[in-house]
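The values are calculated or read from the model by the stated rules, or taken from the named source; none is laboratory data. Treat the numbers as computed from the prediction; the structure is a model and nothing was measured. Positions of Cβ are generated from backbone atoms using ideal geometry, with glycine treated the same way; all protein chains shown enter the neighbour counts.
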2 protein chains.
Amino acid sequence: MTSIDKHEQAQDKKRELHAAVRQYRKAHEREIVSELIEFLSIPNIETDRTEMRRNAEYIKSMLEKRGVIVRLFETETNPVVWGELDVPGATQTLTFYSHYDGVPVEPADWIDSHPYEPVMRSSKLDPATREPKPSPLPEHGARFDEDARIYARSASDDKGPIIGMLAALDALLASGVPLRNNLRFVFEGEEESGSEHFPEFVRKHRKMFASDAFFICDGPAYYTGAPTMWFGARGNIFAHVTVYGANVVLHAGHFTNFAPNPVERLSHLLSTMRDSDGTVKIPGFYDSVAPLGEIEANALNGVPRLEAELAGLYGFSGSLRNDQNYIESLQAPGFNVAGFQGGWAGDDARFVVPDVATASIMLMPVVGTTPDEMIDSLKAHITDQGYHVVTDDPSADERSQYSLIAKISTYWSAPASRTAMDLPVSVRIMDAVSGATEKDALFIPSIGSAIGIFSVLRDELGIPTLLVSTVNPDNFQHGPNENLRIGNLWTAIDTFAALMMMEKANSDVN
Amino acid sequence: MTSIDKHEQAQDKKRELHAAVRQYRKAHEREIVSELIEFLSIPNIETDRTEMRRNAEYIKSMLEKRGVIVRLFETETNPVVWGELDVPGATQTLTFYSHYDGVPVEPADWIDSHPYEPVMRSSKLDPATREPKPSPLPEHGARFDEDARIYARSASDDKGPIIGMLAALDALLASGVPLRNNLRFVFEGEEESGSEHFPEFVRKHRKMFASDAFFICDGPAYYTGAPTMWFGARGNIFAHVTVYGANVVLHAGHFTNFAPNPVERLSHLLSTMRDSDGTVKIPGFYDSVAPLGEIEANALNGVPRLEAELAGLYGFSGSLRNDQNYIESLQAPGFNVAGFQGGWAGDDARFVVPDVATASIMLMPVVGTTPDEMIDSLKAHITDQGYHVVTDDPSADERSQYSLIAKISTYWSAPASRTAMDLPVSVRIMDAVSGATEKDALFIPSIGSAIGIFSVLRDELGIPTLLVSTVNPDNFQHGPNENLRIGNLWTAIDTFAALMMMEKANSDVN
C-alpha cells in the first residue's frame, strides 16, 4: 500500500468507528439520559462531605460496571476518583478529567424546578412564560429531540461530560473494535471552590498522572455549539489598588474643593491605563507576548465570526477594540477592571468626600509573560503616575510625606500555558475528532479564562493538555436553571469516543 | 454731640451691655447648664412623635417662663414651636431659628455614655483611654471650666443654641436695659431628616415670618472656635450618572478585551471633568459666578489660615487646588464625586466584566448660577464626550444604536443664596457682635454646605438671613459622643444677646 492508501484506509476505519458510536448511542439514548438523571439527583455542594462521598461512590460504581479499576484518594476535602483501564499492547495513555462538585444553589432562585430533581423540557425554557413545562422522557429505544434539555445543577458543569465519557466507553466496548489506548479517568470534588488542593495532588502523584495527553473536559463549547478544543489558557491576576484621600470620611459641604477625593484620583489613575482605541497603555504590557505559530494563526482564522451576534446577545454596540475580533481578543493579554468601590453612590449616596477608593484590576498573562512581570509593569506604571506604592494602609507619616499613595495587593492563581498545535500528539488529536461530530470540532489556541491545573500538567509534568468543551454555551452554569442540551450530550459522547480511540503508530514520536 | 461722640457713646453702651450679659452668666452658670441637661434628657428622634412633642412642650414652657407668647403649629410630622416677644416702640423684628430634633442614635455606638443621659467631663474625651470620666457639675454660683464638655445627643446640634438663646434673654431681662427689638423664635422638629415640610411652612406663614433679620443658629463655629456668621450658603445638587456595558454581568475570562467595561468608561468620563491642577473642566462651570464685593473679599482675607492644620488633622498632603486657600475653596462652585460603584472590588472582587457603573456627582452652585444651569452644563459635557444621555435604563434598541450611553438622574434641594455684607442691616449685625465674645466673631460670605431654608427666607421672603454658628467644631455632631464645650455655650449666649440688642436708628434704611 502507498501512504495515500494507508491514509485512506485509516480514514475509513475512523469513519466506521464514528458511525458505530453513533449507532450505539441512538439505540441507548434513554439509558444514557437516565443514568445522567440519577447522577444529577445526588446533591453536590462541595462542603457537604456526606453527599459528596455519595457522588464519588456513584462514579466509582459506574466506572467499575465498565471494567475500570477505581480508587478513591482521600484529600482534605472530597475524594479524588481515579480510574484506570489498561489495554494490552497499548502505545499511549490518555487521561480524561472532570469535576463532580457543583456551584452551591440558592433554592429560592430555582423557581422553575428543583436543582437536584432533574427535569426534561422539550426545548429551552423561556423564563418569561416559564414554558415549556417538564415532559416525560421518551421510552427505551425511542429517540430524543436534540433540542430537549435536562435542567439540574451540574447538568453541564460538570456531570454531563462524565456521563458522556461513560457512554463513549459503552459505545466503544459494544462496537467490537478493540480499545487501543490505556485510559485514565480523574474526577475532582472541589473545582468550584478553586481547586485549592488539586494541583498539589497532581504534583504528589506525578507518576500516576503520566499521560500522552490530558483532556480537561469542562466548559461550554464555542457559540456555534461545535465541540471546542482549547490548546491553552490565559493566566489570571487580581491587583487590588486602593488610593487615599483624608483619613476620615469628610462632610462634603465643608471639604469639597479642598480635600483630595480618592474616587476622582482612582478614576484618573485607571483612565491612564487604556487608550481611546482600547489598547492598554501600561508600558511593557504587550512586550513579551509569544507570537502564535502558523498552525495557531490558521486555526484562529477558521473560527466562525460572531462579533455582531455577541454584541446583539449581550446588548452592546461596538467592542472594546477595533483591531481584534472576538477570538483574537481572548489570545491577547487581558486587562479588565472587575470592580470599583469608593464612597456611596446612587440610592446610597451620601453628602461626603470619601476617604478611600479601591479598584480590582484583573490582568491576564498569555504565554511569554509571567504573572510577576505583569504585576511589576502595573506597579511601575502607577509609580510613574506619581504614586508612592505601599502594601499596607499608609501611616500618618506617609500621609504627610506623600500626596499620592496607592496600596497594591496582588494575587494570582495560574500562569498562562499552551500546548503547541503542531506537536505530533496535537495533530493526532485534531485528526481523531475531525468528522466525529455533526458540527466539526473547533481548534482554538487559548481560552480566555484561567484553568488552574493547566500549567501544572503541561509545564510541570510535561503532559500535552487540552480543554475539551462540549456543552451548550447557554447552559446557565453556576446559576439557576442550569441545563444540558441533549444534542450537546450526544456531541460529547462522539468527541470523547473519538479521542479514546485516537491512533498512534509505534513509530510516532510525540 | 458730634457724630464721633455719638459713635463712641454707642460703643460704650454696647460694651456695658456685653459686660452685663457676661456678669449675669457668670453668676448663673449652674442654672444654665442644668436647664440644658434637663432638655437633653428628652429623647429627640424625629420619628418618635410622643417624645418629640415632649420636646416641643418643654421649649414652650421654657419660653413662656421668659414671657414669650408661644404657639405650637401642627405639621405632617412634629410641631413647629413659634414664639413672639413684642416690645413697645420696637423698630425692628429679629427671628432666631434652631431645631430640636437630633440624628437617630445607634445605642451600641454610645459606649462611653448614654445619648439621652447627659454627663459632664472636665475636658474632651480621649476615645483611646476613655478619660476623663464624668464629673459632677460645679455648685450653684461656682464657675465651670470653659474646656469642660456636656456629652449627649443634640448637645451641639441643635439644643445647645436653644439654651443659649434662653440664657441670653434671661441675661438681658436681668440687666435692666430695656429690650429694644421684637423677638421671634422658631424651632423645627424635622431638620435632620431634610426639613421636608419646613420650607412650605415658611411660605405659608410668610407674614408671620416677616423680619428685619433671620438668624439660623446652627452648625459649628470655624476651626478657631470663634463665633462665625455665614452670610450665605452654596446650593447642592446630586447627579447620579450610570454608564453601561453588556446587559448582564459577563465572565471575565470570556469577555475581557472584547466587551466594553462600564467601570473603565465611567472612570474615563470622570477624569474628563477635572484638570490636573484641580480646576473643573466642565465648560461653563465657573462662568456665571457672581463676583464677591469688596467687603466680602476683605472678610475672606480676615479669616485665619488653617490649611496646614486641616491637612495635618485629616491626614493628607496638599489640597485639591493650589490657587485657593481653604475658605476661598468654600466660596467657589463645588464639584465632588461622592461615590462610585461598579462591579465588585477588594475582598468582594469577582471574576467578571461588570454590566453597569454609577457615580454620584455633587455639584454646588454659588450665587450667580442656578442648579438647573449647572445640571445642563454637566449633561452637555457628558454629551460632548460622545454619550447618548437618557433618563431611564436604555432599551435594547438604544443599546444597539449607541455605543456610549449615560443615564443621568439629578436631584437638588437648595440653590445658593447670600445676604450682602454691605446691607445696612448686615453692617449693624457685624457691629453688634463685635467685642461681644472673647474671640471676636468671624464674618464669612458663604458656608460650603447647603442650608435648605436659606434661599426661601432670603430670596422668596426677602429677609436678610445669616447662619450663626457658635458650637465647638469638634462636637461630633451626628455621631456618638456628641458634645458641647462649655466655653462655646458661653460664646453662644454672648453672641445671641448682642444680636437681640442690635440697634437700629429710626432713620436707618435696610
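Residue check: is residue A:446 within 17 Å of the chain's Cα centre (by Cα) and buried (at least 24 other Cβ atoms within 10 Å of the Cβ)? Reasoning before the result, please.
Details: within 17 Å of the chain's Cα centre (by Cα): yes; buried (at least 24 other Cβ atoms within 10 Å of the Cβ): yes.
Here the answer is yes, as residue A:446 does meet what is asked.
Looking at B:170, B:212, B:218, can you tell me which residue is in contact with a His (Cβ under 9 Å, 6 or more places away or on another chain), closer than 29 Å to residue B:289 by Cα and at pLDDT 95 or above?
Details: B:170 fails: closer than 29 Å to residue B:289 by Cα; B:212 fails: in contact with a His (Cβ under 9 Å, 6 or more places away or on another chain).
Being in contact with a His (Cβ under 9 Å, 6 or more places away or on another chain), closer than 29 Å to residue B:289 by Cα and at pLDDT 95 or above holds for just one of B:170, B:212, B:218, which is B:218.
Would the range B:90-108 turn up any residue that is assigned to a helix (DSSP H, G or I) and either assigned by TED's automatic domain parsing to the domain that holds residue B:486 or over 23 Å from residue B:193 (Cβ atoms) (or both)? Spell out how you get there, then give the answer.
Residues of the range B:90-108 assigned to a helix (DSSP H, G or I): B:107-108.
Remaining after also requiring either assigned by TED's automatic domain parsing to the domain that holds residue B:486 or over 23 Å from residue B:193 (Cβ atoms) (or both): B:107-108.
Yes, the conditions are met somewhere in the range B:90-108.
Does residue A:295 satisfy being modelled with pLDDT of 95 or more and in a helix (DSSP H, G or I)?
On the way: modelled with pLDDT of 95 or more: yes; in a helix (DSSP H, G or I): yes.
Against the criterion (modelled with pLDDT of 95 or more and in a helix (DSSP H, G or I)), residue A:295 qualifies.
Collect the residues in the range A:263-283 that are more than 7 Å from chain B (Cβ to nearest Cβ) and in contact with an Asp or Glu (Cβ under 7 Å, 6 or more places away or on another chain), keeping them in residue-number order. Don't jump to the end; show me each part of the working.
Filtering the range A:263-283 for residues more than 7 Å from chain B (Cβ to nearest Cβ) gives A:265-266, A:269, A:272-273, A:275-283.
Within the range A:263-283, just A:281 meets the criteria.
Determine the pairs where a residue that is assigned by TED's automatic domain parsing to the domain that holds residue B:434 and within 20 Å of residue A:318 (Cβ to Cβ), located within the range B:228-246, has a partner that is buried (at least 24 other Cβ atoms within 10 Å of the Cβ) and modelled with pLDDT of 95 or more with Cβ atoms under 8 Å apart, the partner being 6 or more residues away or on another chain.
Listed pairs, sorted by first residue: none to list.
In the list A:46, A:16, which residue meets the criterion of being under 27 Å from the mean Cα position of the chain (by Cα) and acidic (Asp, Glu)?
On inspection, the qualifying residue turns out to be A:46.
Residues checked against (1) exposed (fewer than 15 other Cβ atoms within 10 Å of the Cβ); (2) touching a Lys or Arg at 6+ places or on another chain (Cβ under 6 Å); (3) without any contact (Cβ under 8 Å) to a residue 60 or more places away in the chain:
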| site | (1), (2), (3) |
| --- | --- |
| A:341 | no, no, yes |
| A:348 | yes, no, yes |
| A:366 | no, yes, no |
| A:369 | no, no, no |
| A:380 | yes, no, no |
| A:395 | yes, no, yes |
| A:410 | no, no, no |
| A:420 | no, no, no |
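Looking only at the range A:322-337, which residues are more than 14 Å from residue A:305 (Cα to Cα), in contact (Cβ under 8 Å) with a residue 60 or more places away in the chain and of a type in the set (A, V, I, L, M)?
A:337
For the range A:24-54, how many residues meet the condition of being assigned to a loop (DSSP other than H, G, I, E, B) and surrounded by 18 or more Cβ atoms within 10 Å (Cβ to Cβ)?
So the count comes out to 5.
Run residue A:337 past the list (1) within 7 Å of another protein chain (Cβ to nearest Cβ); (2) in contact with a Ser or Thr (Cβ under 8 Å, 6 or more places away or on another chain); (3) surrounded by fewer than 24 Cβ atoms within 10 Å (Cβ to Cβ) and report the number of the one that doesn't hold.
(3)
Looking at the range B:395-410, which of its residues are touching a His at 6+ places or on another chain (Cβ under 8 Å) and either away from chain A (no Cβ under 14 Å) or part of a loop (DSSP other than H, G, I, E, B) (or both)?
Selection gives B:402, B:404.
Confirm whether residue A:61 is touching a Leu at 6+ places or on another chain (Cβ under 8 Å), in a helix (DSSP H, G or I), closer than 30 Å to residue A:485 by Cα and not acidic (Asp, Glu).
Working: touching a Leu at 6+ places or on another chain (Cβ under 8 Å): no; in a helix (DSSP H, G or I): yes; closer than 30 Å to residue A:485 by Cα: yes; not acidic (Asp, Glu): yes.
For residue A:61, the condition - touching a Leu at 6+ places or on another chain (Cβ under 8 Å), in a helix (DSSP H, G or I), closer than 30 Å to residue A:485 by Cα and not acidic (Asp, Glu) - is not met.
So which strands (runs of 3 or more DSSP E) stay within the range B:148-258 end to end and still have 3 or more residues that are more than 17 Å from the chain's Cα centre (by Cα)?
Values: elements: B:149-151, B:182-188, B:213-217, B:228-230, B:236-244.
Ranges flagged: B:149-151, B:182-188, B:236-244.
Yes or no: residue B:290 in contact (Cβ under 8 Å) with a residue 12 or more places away in the chain, more than 9 Å from chain A (Cβ to nearest Cβ), surrounded by fewer than 18 Cβ atoms within 10 Å (Cβ to Cβ) and not in a helix (DSSP H, G or I)? First the steps, then the outcome.
Details: in contact (Cβ under 8 Å) with a residue 12 or more places away in the chain: yes; more than 9 Å from chain A (Cβ to nearest Cβ): yes; surrounded by fewer than 18 Cβ atoms within 10 Å (Cβ to Cβ): yes; not in a helix (DSSP H, G or I): yes.
It is true that residue B:290 is in contact (Cβ under 8 Å) with a residue 12 or more places away in the chain, more than 9 Å from chain A (Cβ to nearest Cβ), surrounded by fewer than 18 Cβ atoms within 10 Å (Cβ to Cβ) and not in a helix (DSSP H, G or I).
Looking only at the range A:455-469, decide whether some residue is more than 15 Å from residue A:233 (Cβ to Cβ), out of contact with any Phe, Trp or Tyr (no Cβ under 8 Å at 6 or more places or on another chain) and of a type outside the set (Val, Ile, Thr).
Yes - at least one qualifying residue is present in the range A:455-469.
In the range B:340-350, how many residues are in contact with a helix residue (DSSP H, G or I) (Cβ under 9 Å, 6 or more places away or on another chain) and either more than 7 Å from chain A (Cβ to nearest Cβ) or of a type in the set (Lys, Arg) (or both)?
Selection size over the range B:340-350: 1.
Which of the residues that make up the range B:358-383 are of a type outside the set (A, V, I, L, M, F, W, C) and either more than 9 Å from chain A (Cβ to nearest Cβ) or at positive phi (or both)?
Start the filter on the range B:358-383 by keeping residues that are of a type outside the set (A, V, I, L, M, F, W, C), which leaves B:358, B:360, B:365, B:368-373, B:376-377, B:379, B:381, B:383.
Across the range B:358-383, the qualifying residues are B:365, B:368, B:369, B:370, B:371, B:372, B:373, B:376, B:377, B:379, B:381, B:383.
For the range B:390-440, name all the residues that are within 27 Å of residue B:16 (Cβ to Cβ), small (Gly, Ala, Ser) and in contact with a helix residue (DSSP H, G or I) (Cβ under 7 Å, 6 or more places away or on another chain).
Passing the criteria: B:432, B:435, B:436.
Filter the range B:451-497 down to residues that are surrounded by fewer than 24 Cβ atoms within 10 Å (Cβ to Cβ) and of a type in the set (Phe, Trp, Tyr), then give me how many there are.
Total satisfying the criteria: 2.
Just for the range A:300-339: of the residues that are touching a helix residue (DSSP H, G or I) at 6+ places or on another chain (Cβ under 7 Å) and of a type in the set (Phe, Trp, Tyr), which one is farthest from residue B:343 (Cα to Cα)?
The selected residue is A:326.
Which members of the range A:224-262 meet the condition of being facing chain B (nearest Cβ under 7 Å), touching a strand residue (DSSP E or B) at 6+ places or on another chain (Cβ under 8 Å), among the hydrophobic types (A, V, I, L, M, F, W, C) and more than 20 Å from residue A:410 (Cβ to Cβ)?
A:246, A:250, A:252, A:259 - these are the residues of the range A:224-262 that are facing chain B (nearest Cβ under 7 Å), touching a strand residue (DSSP E or B) at 6+ places or on another chain (Cβ under 8 Å), among the hydrophobic types (A, V, I, L, M, F, W, C) and more than 20 Å from residue A:410 (Cβ to Cβ).
Scan (1) more than 28 Å from the chain's Cα centre (by Cα); (2) more than 14 Å from chain B (Cβ to nearest Cβ); (3) within 25 Å of residue B:261 (Cβ to Cβ); (4) assigned to a loop (DSSP other than H, G, I, E, B) for the single condition residue A:386 breaks and write down its number.
For residue A:386, the failing item is (2).
Might you let me know whether the range A:272-287 holds any residue that is under 30 Å from residue A:259 (Cα atoms), in a strand (DSSP E or B) and modelled with pLDDT of 95 or more? Before you say what the answer is, go through the steps one by one.
First pass over the range A:272-287, keeping only residues under 30 Å from residue A:259 (Cα atoms): A:272-276, A:281-282.
Still in the list and also in a strand (DSSP E or B): A:274.
This time we only want the ones that are modelled with pLDDT of 95 or more, so: A:274.
Yes - at least one qualifying residue is present in the range A:272-287.
Only one of A:311, A:332, A:299 is within 7 Å of chain B (Cβ to nearest Cβ), hydrophobic (A, V, I, L, M, F, W, C) and crowded, with 16+ Cβ neighbours inside 10 Å. Can you tell me which?
A:332
Going by what's in this entry, would residue B:85 be described as surrounded by 18 or more Cβ atoms within 10 Å (Cβ to Cβ) and either touching a residue at least 12 places away in the same chain (Cβ under 8 Å) or within 25 Å of residue B:205 (Cβ to Cβ) (or both)? Full working, then the answer.
Details: surrounded by 18 or more Cβ atoms within 10 Å (Cβ to Cβ): yes; either touching a residue at least 12 places away in the same chain (Cβ under 8 Å) or within 25 Å of residue B:205 (Cβ to Cβ) (or both): yes.
Yes; evaluated as a whole, the condition is true for this residue.
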